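Remarks on the structure that follows.
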Amino acid sequence: MIGLRMPLALVALLASAAAAGPAETVSADASPVETRQRLMVAMIRATKVPRAMVRGDRDFDAEAIDAAMTQVIKAGRQMPDLFADPGAAGPTATLPAAWDNLAEFTAAFATLEREALGLAEAARQGPEAMALAYQRYEAVCDGCHMRYRKDD
Ligand code: HEC
């Protein structure tokens with residue numbers, strides 16, 4: 001599915017999967033709970049980039065989407081470890097169902113990565129393809145939150 005015209009930032013990211021640094025600097029003493037919440041916030045910030053374009057609030061810009069999806073993928077790759085311990089300290093909005101279905105829960109981050117790549121790819125084809133891919137991408141966030149995150 002990944003074509004030859006893969007965006008540059010993503011090429012760099014995939015080529016250096018192990019070397020790719022975290023999306024944000026994670027302080028050594030931050031708890032896994034705080035760190036995953038902070039990375040989720042980084043994901044929503046990045047998600048607002050294509051969302052604003054879909055809504056017509058921002059000019060279409062495939063490079064900006066590429067950069068945003070790179071951030072989402074970097075954050076997503078750190079998530080499984082940060083959810084591994086059900087007893088990690090700190091107030092959490094994660095439902096126990098996440099740990100009861102940990103394999104499925106964790107797999108959703110891989111799905112998110114696939115859809116984030118798909119969104120960046122679609123953006124190379126233009127705004128219509130991007131808007132369609134955005135729906136699929138956002139559905140991964142929403143689907144996981146509906147099943148595994150407490151309502152506010
Ligand atoms: C595999 C499941 C899963 C996926 C996929 C996922 N989330 Fe989350 N998200 C959670 C869970 C669980 C929490 C609650 C974290 C906690 O408090 O322990 C959360 C919390 C959040 C929060 C609140 C963070 C805070 O300040 O406490 C935001 C914002 C968020 N997610 C955005 C996103 C966005 C945007 C996406 C998609 C790009 C996404 N999430 C994808 C499971 C997921």
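Could you state the accessible area per residue of segment 32-148 in Å², with a 1.4 Å probe and every protein chain left in place?
Accessible area per residue, segment 32-148: 49 Å².
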Taking only the Cα positions of segment 32-148, the convex hull volume per residue in Å³ is 88
If you take the charge dipole of segment 32-148 about its Cα centre, with +1 on Lys and Arg Cβ and -1 on Asp and Glu Cβ, which of ALA93, ALA120, HIS145 is farthest toward its positive end? ALA93
Segment ARG51-LEU132, length gained on full extension (0.36 nm per residue, minus Cα span): 28.0 nm
Loop-located trypsin sites (Lys or Arg not before Pro) in segment 58-145, at most 12 other Cβ atoms within 10 Å (DSSP): none
Would you pull out the residues with amide H under 5 Å of ARG149's amide H, same chain only if 5 or more places away, H placed 1.01 Å from N? LEU95
Using only protein heavy atoms and a 1.4 Å probe, report how much of GLU128 is accessible, in Å² to the nearest 10. 140
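The values are calculated or read from the model by the stated rules, or taken from the named source; none is laboratory data. Note that the structure is a prediction, hence the values are computed from the model and not measured. Cβ coordinates were reconstructed from backbone atoms using ideal geometry, including for glycine residues, and neighbour counts include every protein chain displayed. Heads up: the accessible areas ignore ligands, DNA and RNA and are worked out on the full protein's heavy atoms, side chains in. Shrake-Rupley method; radii C 1.70, N 1.55, O 1.52, S 1.80 Å.
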